[in-house]
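Everything below concerns the one structure shown next.
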Ligand code: FES
């Protein structure tokens, strides 16, 4: 398991990156729907935005 990005929902980096790539996600809302990451306190949303910027198809 890679680094935990969302501690509220216990979602790790690989899970989020995989969802972004496989489902071609482009927004935080889509990542929330796909993984539940970012649906708790919201503190990890900037990290999700970084992962989107790095991994979403341009
Ligand atoms: S750490 Fe992700 S919603 Fe709280």
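Values quoted throughout were computed directly from the atomic coordinates according to the rules given, and no laboratory measurement underlies them. Here the structure is a predicted model, which means the values were calculated and not measured. Cβ coordinates were reconstructed from backbone atoms using ideal geometry, including for glycine residues, and neighbour counts include every protein chain displayed.
Taken over the stretch 13-42, residues that are within 11 Å of the ligand (Cβ to nearest atom) and loosely packed, with under 12 Cβ neighbours inside 10 Å amount to 1. Residues that are more than 18 Å from residue 53 (Cβ to Cβ) and in contact with a strand residue (DSSP E or B) (Cβ under 6 Å, 6 or more places away or on another chain) within the stretch 12-41 comprise just one, 12. Taken over the stretch 43-58, the criterion of being over 17 Å from residue 11 (Cα atoms) and surrounded by 14 or more Cβ atoms within 10 Å (Cβ to Cβ) is satisfied by 56 alone.
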